[in-house]
Amino acid sequence: MHTTHAPAGVVRIGPNSIIQTVGALNELYGAEAARAILERIGHSALNEQLPTDMVDEQVFMALINALRTDLGFEATGKVLARSGERTADYLLANRIPAPIRILLPWLPASLGLRIFLKAIAGHAWTFAGSGRFSYDVGRRGATICLADSPECRGMATDAPLCHYYTHCFQTLLRPLINPQLMVRETACGAMGADACTFEVTIP
């Protein structure tokens, strides 16, 4: 198992966590309703300007928890799932070098996963904040763990809660490893687990 930690004192997260969540709200509810939701939950500033630099992870946590209070956990889960997909689409288009996008699909899945997960582990703090990212690659997939996940920190539920990360990982890995790859959260900090666990399986 390979584990990475955020640099000391860093509690920031990439702006796409905010940008794409607002984008998902607009996509799922329409611009007018999304604007009203953000005003209602005390995040009206996002209607005027979205972040362009790394943001305090607490901003992301406050936004999604306010959405859960207003929309409910199920509806917010759908927003976060779409936000995760949008984030992955952005990363694929803007942050993954073309040679990597071309090479990885031609490699055996386990090798491709090993190379890619090692690469993103070095930058894990940009999406995990102060959470702790680790992974383990097997013959038919991988296990990704995120301890102290910002998406579920402080929550207590009876079902996995990390829709943003689940759908981000899946959307990011499918075009690089296997288009039928599946990611499922099998343990969640909100359910009392030591870490949120995402099982990556390939048919």
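Values quoted throughout were computed directly from the atomic coordinates according to the rules given, and no laboratory measurement underlies them. Keep in mind it's a predicted model, so treat the numbers as computed, not measured. Ideal geometry is used to build each Cβ from the backbone, glycine not excepted, and the neighbour counts take in all protein chains shown.
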Starting from one equal scatterer on each C-alpha and no solvent at all, send me the Debye-based log10 I(q)/I(0) for segment 75-203 at q = 0.13 Å⁻¹, two decimals. -0.49
Take the Cβ-Cβ distance between Arg184 and Ala33 as r, set R0 to 30 Å, and report the resulting FRET efficiency rounded to the nearest 0.05. 0.45
Relative exposure of Val11, Val200, judged by other C-beta atoms within 10 Å (fewest first): Val11, Val200
Residue order, fewest to most beta carbons within 10 Å, for Glu85, Glu199: Glu199, Glu85
The extension gain from Ile100 to Glu74, computed as 0.36 nm times the residue separation minus the Cα-Cα distance, is 5.8 nm
Per principal axis, descending, Cα span of segment 1-138 in whole Å: 47, 33, 28
Please list, in chain and number order, the residues 5+ apart from Ala187 or on another chain whose amide H is under 5 Å from its amide H, with Hs placed from the backbone. Thr197
With -39,500 (n - 2.57) per DSSP H segment of 4 or more residues and division by the full residue count of the chain, the 222 nm estimate, nearest 500 deg cm²/dmol, is -15000 deg cm²/dmol
